[in-house]
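For reference, the structure is listed below as structure tokens.
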Amino acid sequence: MKPDETEPAPTEAEPKYKDPFVEAIAKNPRPLSMVLIGLLGMPLVLWLGAPSRTPAEDSEPERPAFESTPLPIERVSPAPLEPNPSSTESEQAPTPTPESDASSQTIIGPAPDTPSAIVLARPTITLIIDDIGYNEIFGARAIALPGDVTFAVLPHTPHGKELAELAYQNGKEIMLHAPMSNQANMALGPGALTNELTKEQFTQTLSASIDAIPHLQGVNNHMGSALTELETPMNWVMETLKEKNLYFVDSYTTAKSVAGRIAMEHAIPTITRNIFLDNVQTHDDIDREFKKLLVRAKGKGVAVGIGHPYQATLDYLEVALPLLEQEGIDLVFASKMIELQKAAAITSAL
């Protein structure tokens with residue numbers, strides 16, 4: 001009988017993994033899987049555990065409205081055709097109302113004997129830069145603006161005195177920017193004048209603010225939409241300015257301001273603001289308001305504008321002011337503007 005023919009015995013396959021460490025992982029991958037899960041899961045846990053953020057928090061912080069000072073600024077909206085006594089401060093426009101020529105404006109409630117037009121050799125403007133004192137860099141940059149720019153310095157501020165000195169050394173004119181209570185109850189900072197003060201407290205506060213700023217020639221109001229509507233405190237202001245031989249510029253933050261009228265009753269030299277340049281701090285808005293100032297000067301003979309040491313305002317004025325000469329427009333200090341308007345009022349009365 002033939003022996004059984006059997007298949008040759010299969011040889012044992014060589015191990016697929018020869019590295020002991022790799023072979024161990026291949027036989028038992030669970031430890032490696034746990035490590036990988038941990039590495040991948042940790043960022044997920046951190047992400048889920050992080051505090052939620054709103055889109056506003058993730059976006060770039062908005063630039064402060066006024067870089068030169070932490071104090072809030074009393075905003076003045078464009079004027080409606082008819083002032084609305086019931087409007088709030090943000091709604092009520094203390095700026096001039098439009099005339100038949102949309103680019104020319106007139107003051108709401110000017111002094112009654114202010115002439116409607118002043119005849120000068122050339123149209124003339126006054127430019128006041130308010131809110132000097134908190135930001136040294138922007139304040140110094142404002143003072144470097146060309147021409148006879150007037151600077152209104154907030155009292156008891158970190159850089160107010162030194163910036164007033166710098167302005168004086170550069171041949172500029174300096175005023176006190178006196179904080180006065182406003183209808184929106186915004187913070188006023190040091191030197192605040194309010195209707196809650198007694199006459200003695202009021203006059204002492206104002207006198208201390210005047211004494212804090214060197215080389216003053218006048219005063220204008222910081223905010224003041226509430227206080228400048230009140231006759232009694234405005235009489236106290238003018239009595240103090242009379243003693244100090246200072247002029248007054250009504251910033252005209254309310255259409256119901258009595259400050260200019262009471263200044264004249266006390267024989268205080270006075271003028272009233274016509275245009276705010278930078279309620280909106282963009283190049284186009286500042287350009288529009290500055291051009292309104294020039295158009296008013298060409299139509300009325302004179303115009304008074306107020307701006308602030310915002311970056312956008314300084315960027316604009318550094319270019320625009322050197323061009324006034326070719327526009328045929330003169331830039332004069334507030335004190336000179338008072339002289340011009342006073343002379344015109346006398347002439348018109350003859």
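Nothing in this text is a laboratory measurement; each read-out follows from the coordinates by a stated rule. The model shown is predicted, which means the values in this text are computed figures rather than measured ones. Cβ: placed from backbone, ideal geometry, glycine included. Neighbour counts: every protein chain shown.
Once you place label points 7 Å from the Cα toward the Cβ at E339 and R288, how far apart are they in nm? Between E339 and R288, the simple spin-label model gives 3.7 nm. In terms of the Cα gyration tensor, with a ≥ b ≥ c the square roots of its eigenvalues, is the range 97-349 rounded because a/c is under 1.5, prolate because a/b exceeds b/c, or oblate? It is oblate, given that a/c is not under 1.5 and a/b is not larger than b/c. Step through the table entries K242/K292; K199/K256; K172/K298, compare each Cα-Cα distance with 26 Å, and write down the pairs that go over it. Beyond 26 Å: K242/K292. Remark: the Cα gyration tensor places the range 294-350 in the prolate category, a/c being 1.5 or greater and a/b exceeding b/c. DSSP assigns beta bridges within the range 97-349; of those with both partners inside it, close to 5 percent run antiparallel.
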